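Below you'll find the structure, written out as structure tokens, and then a few comments.
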Amino acid sequence: MTASAQPGKQLSDNQLLIIGRRMWKALSVPLVSVLLALLIGAIILLISGAKPLEAYAALVKGAFGNAASFARTLEKATPLILGGLAVAFAFKAGLFNIGGQGQLLIGAIIAAYIGFAFEGLPMIIHLPLALLGGSLAGAAYAAIAGALKAYTGAHEVITTIMLNYIAINITDYLSNGPWKAQGIIARTPPVLETAVIPRIAGYPLGFGLACLMAVLTYYLLYYTTMGYAIRTTGLNSHAAQYAGIKVARIIVLTMAFSGFLAGMGGSIETLGVIGRFQPGFNIGLGFDGITIALLAKTNPLGVIPAAILVGAMQAGASQMQFDAGVRFQIIDIIQALILFFVSADLIVRKILGSSAVDEDKVTLSSGWGGG
């Protein structure tokens with residue numbers, strides 16, 4: 001190799017080393033948080049009389065043991081991706097959208113209504129209409145909290161929590177009232193075949209849609225003027241206002257798009273998994289989005305592996321219970337521990353050392369006042 005070629009190679013090696021260090025700094029806290037959660041989970045399993053290695057092996061088998069298990073994992077991960085995106089996107093504007101559960105429910109029931117009530121439409125129209133209708137319903141519902149934040153100063157944490165309860169009662173009423181299917185169970189009629197999200201070679205098409213939304217969300221945030229305005233507002237809303245950014249409009253639009261993502265998650269769950277809306281089947285999906293967003297450090301692309309991880313734990317829980325005799329609640333404990341270590345990352349930072357981790361932290365909210 002010539003002397004002139006050596007500096008170029010050295011530069012390339014240095015660049016790879018820098019990229020590797022940056023990736024480790026970005027991934028260190030989430031990875032160590034997961035490992036600590038699994039370690040403490042193993043201790044709990046030992047105390048309860050179970051064998052941790054056997055339990056975790058069963059968990060992996062139930063999530064990835066065969067094609068059907070893997071498809072089930074992706075199915076579980078799909079609404080988690082969209083719920084995590086909803087929370088992560090709002091974080092970028094300094095907003096804490098706890099209302100993903102309510103927005104998901106509204107999107108799910110509207111998608112169900114369009115799915116069973118609009119007869120005679122071809123699939124190429126009916127399916128996109130149901131999916132878009134549910135997503136827009138979630139957007140409109142989230143925009144309420146955005147408008148209250150932007151124009152009255154009402155904090156989005158409070159308003160989205162209250163809107164969650166309203167959404168639960170609205171969907172309960174509709175599924176047990178005017179949109180109730182015949183029978184004693186409170187649920188809507190099944191969606192028509194023309195509104196069902198199909199599977200490709202046994203794998204859920206909805207997962208591909210969720211991944212596409214993650215890529216589009218990343219592009220929106222980091223490669224568009226709108227995304228720059230959103231991130232600037234999240235960093236300092238007063239400075240953004242001074243720079244000419246219409247902060248109130250950004251807040252409303254951010255919450256609306258966040259709700260659009262959550263509503264799409266509910267719509268895909270209705271059209272691609274359950275086949276109708278039934279109260280109780282979607283409980284917790286919106287709140288799991290908070291875990292996903294924090295585990296991904298609010299990176300839209302990082303939401304995908306984070307959701308697959310949590311989806312795998314949920315998909316493999318029954319296998320773990322069957323093979324190792326472990327109650328499925330251990331999965332909830334592990335998820336709670338992951339959330340704890342990611343959000344209280346000072347513990348992980350002390351373990352790794354401050355120089356080994358990314359110092360960027362998630363800003364959960366811009367404050368309890370207005371603006």
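Readers should treat all values here as calculations from the given coordinates under stated rules, not as data from a laboratory. Everything numeric here is computed off the predicted structure, so don't read it as measured data. Cβ sites come from the backbone with ideal geometry, for glycine too, and all protein chains shown count toward neighbours.
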Just want to confirm a number: the relative contact order over the chain, from Cα pairs under 8 angstrom separated by 6+ residues, in percent. 35
Report the residue, chosen from 47, 331, 251, that carries the largest GNM mean-square fluctuation when the chain is represented by alpha-carbon nodes joined by springs under 10 Å. 47
Highest GNM mean-square fluctuation among 294, 121, 82, for the chain with Cα springs under 10 Å, belongs to 121
Give the Rg/Rh ratio for the range 255-346, taking Rg as the radius of gyration of the Cα atoms and Rh as the Kirkwood radius, to two decimals. 1.00
For the range 47-170, compute Rg over Rh where Rg is the Cα radius of gyration and Rh is the Kirkwood radius from the inverse mean 1/r over Cα pairs. 1.12
Stretch in the chain that is longest and holds no GluC sites (Glu not before Pro) that DSSP places in a loop and that have at most 14 other beta carbons within 10 Å: 120-358
Which residues make up the longest stretch of the chain that has no chymotrypsin sites (Phe, Trp or Tyr not before Pro) in a DSSP loop with at most 15 other Cβ atoms within 10 Å? 1-280
Mind checking the alpha-carbon convex hull of the chain and giving the volume per residue in Å³? 194
Quick calc of log₁₀ I(q)/I(0), the range 64-105, Debye, one scatterer on every Cα, no solvent, q values 0.20, 0.29, 0.33 1/Å, result -0.65, -0.92, -1.05
Principal axis extents for the range 134-245, Cα atoms only, whole Å, descending order, please. 58, 39, 17
Enter the per residue convex hull volume of the range 195-278, computed from alpha-carbon coordinates, in Å³ rounded to the nearest integer. 106
Could you list the square roots of 5 times each eigenvalue of the Cα gyration tensor of the range 231-292, that is, the equivalent ellipsoid semi-axes, sorted largest first and rounded to whole Å? 34, 12, 7
Write down the radius of gyration of the range 91-146 and its Dmax, each obtained from C-alpha positions, in Å. 13.4, 44
Summing +1 per Lys or Arg and -1 per Asp or Glu among the other residues with Cβ less than 12 Å from residue 116's Cβ gives +1
Report the equivalent ellipsoid semi-axes for the range 195-242 in whole Å, largest first, defined as the square roots of five times the eigenvalues of the gyration tensor built from alpha carbon atoms. 36, 9, 7
Residue ranges of DSSP H helices in the chain that stretch 24 Å or more (Cα, own long axis) and have mean Kyte-Doolittle hydropathy of at least -0.5 are 5-47, 67-92, 100-117, 123-152, 156-175, 205-223, 247-269, 303-324
Relative contact order for the range 107-201 using alpha-carbon pairs under 8 Å, separation at least 6, rounded to a whole percent? 38
